[in-house]
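The values are calculated or read from the model by the stated rules, or taken from the named source; none is laboratory data. Just so you know, these numbers come straight off a predicted model, no measurement behind them. All Cβ positions, even for glycine, are placed from backbone atoms using ideal geometry, and neighbour counts span all protein chains on display. Ligands, DNA and RNA are stripped out before the accessible areas are found, and what is left, the full protein with its side chains, is counted by its heavy atoms. Shrake-Rupley method; radii C 1.70, N 1.55, O 1.52, S 1.80 Å.
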Amino acid sequence: MQPLRIALTKGRLEKDTIKLFQKIGYDCDSVVNKGRKLILPIGNGEIEIVLAKAADVITYVEHGVCDLGVVGKDTILEKGESFYELFDLGFGKCKFALATQKGKDLYGGYKALTIATKYPNVTRRFFEDKNMDVRIIKIEGSVELGPLIGLSDAIVDIVETGSTLRENGLEVIEDVCPISARLIANVVSLKMRKQEIEALVDLLGKEVDA
Ligand code: PRP
């Protein structure tokens, strides 16, 4: 039987996920000492970890080339869902927030607001729910620059510790929604490899709840 393939978001989520797999008894030395390798067997080779960027984790799971994936709710909300979201892994906790310069009266003017963000879909839905017409400008990173250099009135971005906002004289105006890492599954894999996936999900779930 082919190993169960799990697409894993590189970086912070990678470390917490590997810790979790170690806790439920998998030997993960291949990932810990991975060098530049991107496909890594763990345990006795019954699971293969595929390291990818967050948005690509979803692409691999949707296309069925990976059975499972670990990805942040931020990417899920932005990119959409044609997969199953199995459960909240309880780490990678942060939030989406609307932020701007400290003390600024964001809603004081008459003009439609301009919002800079890496997450245009999340931002559009947030303001649609408020019945507010805004102009959205997509930025690829360091979104905090938007209001600071006069590109936008505010930003919608991820806030974890709040340090980036604080150190740049910005503050949260409103929380958009909480974020954390999720385990996702390909729809067909969930049917074809039901027992294997359920057994793994059971072990992971118990450890997350412990
Ligand atoms: C994220 C986010 C904020 C920062 C928030 O950026 O976009 O900039 O982290 O974290 P904090 O509240 O703990 O300061 P990331 O580090 O992913 O880089 P980016 O700005 O290039 O997207």
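Of all the strands (runs of 3 or more DSSP E) wholly in segment 45-147, which have at least 3 residues that are over 20 Å from Thr161 (Cβ atoms)? Reasoning before the result, please.
On the way: elements: 47-52, 68-72, 84-88, 94-101, 113-117, 134-138.
Answer list for segment 45-147: 47-52, 68-72, 84-88, 113-117, 134-138.
Would you please list the contacts, defined by Cβ atoms under 7 Å and residues six or more apart or on different chains, that run from a residue in segment 25-37 that is within 24 Å of Ala199 (Cβ to Cβ) to a residue that is among the polar types (S, T, N, Q) and open to solvent by 60 Å² or more (accessible area, probe 1.4 Å)?
From segment 25-37, the pairs are Cys28/Gln22.
When segment 171-210 is examined, which residues are found to be outside any helix (DSSP H, G or I) and open to solvent by 40 Å² or more (accessible area, probe 1.4 Å)? Spell out how you get there, then give the answer.
Quick first cut of segment 171-210, residues outside any helix (DSSP H, G or I) only: 171-186, 193, 210.
Once the filter is applied, which keeps residues that are outside any helix (DSSP H, G or I) and open to solvent by 40 Å² or more (accessible area, probe 1.4 Å), segment 171-210 yields Glu171, Val172, Ile173, Glu174, Asp175, Pro178, Ala210.
Can you tell me which residue is farthest from the ligand (Cβ to nearest atom) among those in segment 143-170 that are surrounded by 15 or more Cβ atoms within 10 Å (Cβ to Cβ) and among the hydroxyl-bearing types (Ser, Thr, Tyr)?
Among residues in segment 143-170 that are surrounded by 15 or more Cβ atoms within 10 Å (Cβ to Cβ) and among the hydroxyl-bearing types (Ser, Thr, Tyr), the one farthest from the ligand (Cβ to nearest atom) is Ser152.
For Ile155, indicate whether it is among the hydrophobic types (A, V, I, L, M, F, W, C) and more than 21 Å from the chain's Cα centre (by Cα).
Details: among the hydrophobic types (A, V, I, L, M, F, W, C): yes; more than 21 Å from the chain's Cα centre (by Cα): no.
Judged against the criteria, Ile155 is not a match.
Tell me yes or no: at least one residue of segment 11-32 is surrounded by fewer than 16 Cβ atoms within 10 Å (Cβ to Cβ) and assigned to a strand (DSSP E or B).
no
What do you reckon, is Thr100 more than 16 Å from the ligand (Cβ to nearest atom), open to solvent by less than 50 Å² (accessible area, probe 1.4 Å), among the β-branched types (Val, Ile, Thr) and more than 20 Å from Leu204 (Cβ to Cβ)? Steps first, answer last, please.
Numbers: more than 16 Å from the ligand (Cβ to nearest atom): no; open to solvent by less than 50 Å² (accessible area, probe 1.4 Å): yes; among the β-branched types (Val, Ile, Thr): yes; more than 20 Å from Leu204 (Cβ to Cβ): yes.
The answer is no for Thr100.
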